[in-house]
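A.B. asks: My questions will all concern the structure given below.
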Amino acid sequence: MGLASALTTALTGMQAAETQVDVVGNNLANSQTIGFKASAALFATQFLQTQSLGSAPTATDGGTNPRQTGLGTRVAAISPDFSQGTIEISSSPSDLAIQGDGFFMVESSEGERLYTRNGVFKTNANNELVNLTGQRVLGYGVNNNYEIQRTTLVPLTIPLGTAATAQPTRNVFLQGTLSPSGAIADTAQVIQSAVLGDASIPRPDGSGVNVGVAPTASVASVTVGQSDTGGTLQENVTYRYRITYVDAQGRESVPSSEIVVTTPVGNGLDDNTITLSSLPSVPSGYTGLNIYRTAADGTSFFFLSSATPGGTFVDDGSIPLSSTPLNTTLLNGNYSYLITFHKTGQPESRPSLLIGPQNIVNGRIQLQNLPIPPTPGLGDTFPAYDTIRIYRNLASDSGSFYLVGEAAPGGSFTDYRTDADISNLSTPGNQAVELDGPGINSNTLLVNVIKRDGLDYENLFQPGTLEFTASKGGRTLTTKTFEVTTASTVQDLLDFMHQAMGIQTAIDDPQNPIPGSVNNIPGETGTLSPGLTINNGQIRVVSNNGVDNALNINLSAFKLRTTNGDILTPNLAFGKIQDAAGQSAVADFIAYDTLGIPMNVRITAVLEKVTDSSTVYRWFADSGDNSPASGAEIAVGTGLVTFDGQGNLIGTSNSTVTIERRNIPSSDPLSFQLDFTRVSGLATPTSSLSAARQDGSPAGTLSSFIIGEDGVIRGVFTSGVTRDLGQIRLAKFANPGGLVQRGENMFAQGVNSGLPIEGDPGSQGLGSVVAGAVELSNTDIGKNLIELVLATTQYRGNARVITAAQQMLDELLNLRR
């Protein structure tokens, strides 16, 4: 039995050596395999043949040890060595190495979860991160907002060239100096349009008015009779008479020549009577006769009585001579006329076109066939005019027109007032013509708004799309559009302009109301409130205080594209009537919404108040890219910035800018903070303000990526933004030696490995991830070569045992010979 057992014992040694050679050969074969973990064959003694168990010591005997003969060896374990391999830099950013414990997790084609230390990863056609054999790398993915979703392990994707993102602005960091040494911004720029009229109010048509020289009353047909009885006129004296034609308003034509009558010497009594027969008939435009007479032997004519045209007038002295003298005024010059419709207590209409001219030499001028005003209908806003007002220029000034009188519609008018008389505006009742006519009001329809050019009136607006581009502080504002319809009113236009120019009022900051402006306009007092108003038919624009808030509307600020496709440029002729004053500064920058759409933003800071302990600036924010649900509002925020006596920022009443995105698919609204911490309140000659940086960015595509030690995959976009694309997860086991090798550097959970403990790299005892590197095989070639020598020696030695046992058996068999 001894020789037989020696044979089998030696055989186990040879088998063990073969196994060790296999293990060592595998180690050496994978010495260049990324992430390979070498194994070691561990031996244990096999069965033992016990010849004696030995004996315990006694009082007379020291005892004996057991006597056992071994029956060989066996491979107790083939144990992988999970010690750290060398980290080597690679050229691919997707190559990963684990520095420390842990395994990458991948998913096989059958859906089984496998584990590996081989971090040579690439992206496939679906932008998924996979290993060399196509297994997908597992980790946490991201949602549409690039937020890591820590719920379920999913295959990681790196969508180079396809994914796009944008960074909305959340913070804008300002820098500069807001000096307390400048002038307080308490004065706003004020601009005002030309006088604008309302075309719905009728204008007289003077084309049918006849203008000519007023006739001189004729006395050629008059016969004179006298009687020495029946009257009270003196005898033997001379009386002189003159006759005038009179119109319905009591205005007279040129007086006739004199009719001289001398009463005879009679009975010595003042009982004479004078009779004027065959009085003249009146020409067109006149309705009666006035008779003037002198006193006895006098030369001055005074009104005596009215008379019937073509009739007889008896002067018996019973009618006292009045104190009203005969108007002998005559005109000389070249005159034109304007007429208006009028009603007491109501504004008169625009004047007509020029009537005339009429040249006159020592005469009077008659206007006939004056127009009849229209009757207001339902919905009309003009009154029921009942009077025609007549204006005339001066012989020395053809462009100035003054009121000469009133007449009944459809009637006639005789003009005999001198230039000096009508042009003296200190005389009650005298006035110059209002060429612009009744001004607009808030309810005037835009299509009825007119502006005067000489005596012509231009309709400024038609239905269509109105573009408006103003400027603020010398910087052009964003063009805004307004749809003009037949129902649009002047108030609609004012509201639109107010919004498009970003004027802010007290209600925009109720906690710290925006102050009004001092009023330096000649003839006015009081505080000017920012905004748009109508002032005597003119649109007045009061800016917010400060030089950099000064609004201007130039001649081409309005552009109207009519429904017919015509392009018009309404000129409201805005002009400046008050200059802005006050220290201010401006910062322009671009912010981005959630879609990466750029938005221009302007911050204007004006010096609002200086006390003995603080400096207060007010900031205004404008954005032409503000998109409210309706309207054209560009004002997007305001607030106060306060500095202490050392120029340090104390705080702000508000630092939020809110830009609406109602008509755009971006998240609405976009709000971001203004950071004034880098702004100083020290004294400098001028204030300055600029945006140092902002944290938003436009849309960009994924161009590259980096993987941090924490396993987070961060994408770098062409816009410069970085976004999380995923989180690599690692797993470790209580007994990694219990893992089952599946080939291709893969391990699977074994019955003795324990459950996987998952975590982020660098946490829970897991190693960190090194990007752009790989972990080399941990095969120790020198050691394995020695082990190979030892294994072959072992094999050779055991073979010699078998040879020796065979020789002994041969000798035993030779005994029978």
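A.B. asks: What number of residues within the stretch 370-394 are exposed (fewer than 15 other Cβ atoms within 10 Å of the Cβ) and touching a residue at least 24 places away in the same chain (Cβ under 8 Å)?
C.D. replies: 5
A.B. asks: Out of all the residues in the stretch 446-459, which are part of a strand (DSSP E or B) and either buried (at least 17 other Cβ atoms within 10 Å of the Cβ) or under 34 Å from the mean Cα position of the chain (by Cα) (or both)?
C.D. replies: Val449, Ile450, Lys451, Arg452, Tyr457, Glu458, Asn459
A.B. asks: Return only the number of the condition from (1) surrounded by fewer than 19 Cβ atoms within 10 Å (Cβ to Cβ); (2) more than 19 Å from the chain's Cα centre (by Cα) that Leu494 does not satisfy.
C.D. replies: (2) is the only condition that Leu494 fails.
A.B. asks: Which of the following residues is modelled with pLDDT under 90 and either under 27 Å from Gly738 (Cβ atoms) or surrounded by 12 or more Cβ atoms within 10 Å (Cβ to Cβ) (or both): Ile148, Ile87?
C.D. replies: Of the residues listed, the single one that is modelled with pLDDT under 90 and either under 27 Å from Gly738 (Cβ atoms) or surrounded by 12 or more Cβ atoms within 10 Å (Cβ to Cβ) (or both) is Ile87.
A.B. asks: Going by the structure shown, is Ile201 hydrophobic (A, V, I, L, M, F, W, C), under 29 Å from Val657 (Cβ atoms) and in contact (Cβ under 8 Å) with a residue 12 or more places away in the chain?
C.D. replies: no
A.B. asks: Right, something else. Would you mention how many residues in the stretch 399-445 are open to solvent by 50 Å² or more (accessible area, probe 1.4 Å) and in a helix (DSSP H, G or I)?
C.D. replies: Residues in the stretch 399-445 being open to solvent by 50 Å² or more (accessible area, probe 1.4 Å) and in a helix (DSSP H, G or I): 2 in total.
A.B. asks: For the stretch 472-491, what are the residues that are of a type in the set (D, E, K, R) and open to solvent by less than 30 Å² (accessible area, probe 1.4 Å)? Working first, answer last.
C.D. replies: Within the stretch 472-491, the first condition is being of a type in the set (D, E, K, R), and the residues that meet it are 472, 475, 480, 483.
If the condition is that a residue be of a type in the set (D, E, K, R) and open to solvent by less than 30 Å² (accessible area, probe 1.4 Å), then Lys472, Lys480 are the ones that fit.
A.B. asks: Taking the stretch 482-509 as the region of interest, how many residues are closer than 27 Å to Asn564 by Cβ, in contact with a helix residue (DSSP H, G or I) (Cβ under 9 Å, 6 or more places away or on another chain) and either assigned to a helix (DSSP H, G or I) or among the hydroxyl-bearing types (Ser, Thr, Tyr) (or both)?
C.D. replies: Total meeting the criteria: 7.
A.B. asks: Within the stretch 780-799, restricting attention to residues that are modelled with pLDDT of 80 or more and surrounded by 15 or more Cβ atoms within 10 Å (Cβ to Cβ), which residue is nearest to the chain's Cα centre (by Cα)?
C.D. replies: Asn784
A.B. asks: Let me ask something additional. Starting from residues that are among the polar types (S, T, N, Q), part of a loop (DSSP other than H, G, I, E, B) and touching a residue at least 12 places away in the same chain (Cβ under 8 Å), keep the ones in the stretch 119-134 and report whichever is surrounded by the fewest Cβ atoms within 10 Å (Cβ to Cβ).
C.D. replies: Asn126
A.B. asks: Next question. Can you say whether Gln462 is part of a loop (DSSP other than H, G, I, E, B), open to solvent by 50 Å² or more (accessible area, probe 1.4 Å) and either touching a Pro at 6+ places or on another chain (Cβ under 7 Å) or closer than 30 Å to Asp380 by Cβ (or both), as far as the supplied structure shows?
C.D. replies: In short, yes.
A.B. asks: I would also like to ask the following. Do the conditions hold for Glu467, that is, is it under 27 Å from Gly531 (Cα atoms), free of Cβ contacts under 8 Å to residues at least 24 places away in the same chain and either within 31 Å of the chain's Cα centre (by Cα) or not in a helix (DSSP H, G or I) (or both)?
C.D. replies: No; evaluated as a whole, the condition is false for this residue.
A.B. asks: Determine whether the stretch 597-611 contains at least one residue that is open to solvent by 10 Å² or more (accessible area, probe 1.4 Å), farther than 15 Å from Arg693 by Cα and of a type in the set (Gly, Ala, Ser).
C.D. replies: Among the residues of the stretch 597-611, not one is open to solvent by 10 Å² or more (accessible area, probe 1.4 Å), farther than 15 Å from Arg693 by Cα and of a type in the set (Gly, Ala, Ser), which makes the answer no.
A.B. asks: Would a scan of the stretch 16-25 turn up a residue that is touching a strand residue (DSSP E or B) at 6+ places or on another chain (Cβ under 9 Å), open to solvent by 40 Å² or more (accessible area, probe 1.4 Å) and at pLDDT below 70?
C.D. replies: Scanning the stretch 16-25, I find no residue that is touching a strand residue (DSSP E or B) at 6+ places or on another chain (Cβ under 9 Å), open to solvent by 40 Å² or more (accessible area, probe 1.4 Å) and at pLDDT below 70, so the answer is no.
A.B. asks: If you don't mind, there's one more thing I want to ask. Do you know which of the residues in the stretch 344-369 that are part of a loop (DSSP other than H, G, I, E, B) and out of contact with any Lys or Arg (no Cβ under 8 Å at 6 or more places or on another chain) is most open to solvent (accessible area, probe 1.4 Å)?
C.D. replies: Applying the filter and picking the extreme gives Thr344.
The values are calculated or read from the model by the stated rules, or taken from the named source; none is laboratory data. Computed from a predicted model, the values in this text were never measured in an experiment. All Cβ positions, glycine included, derive from the backbone under ideal geometry; neighbour counts span all protein chains shown. Areas reflect the complete protein model, heavy atoms only, side chains present, ligands, DNA and RNA absent. Shrake-Rupley method; radii C 1.70, N 1.55, O 1.52, S 1.80 Å.
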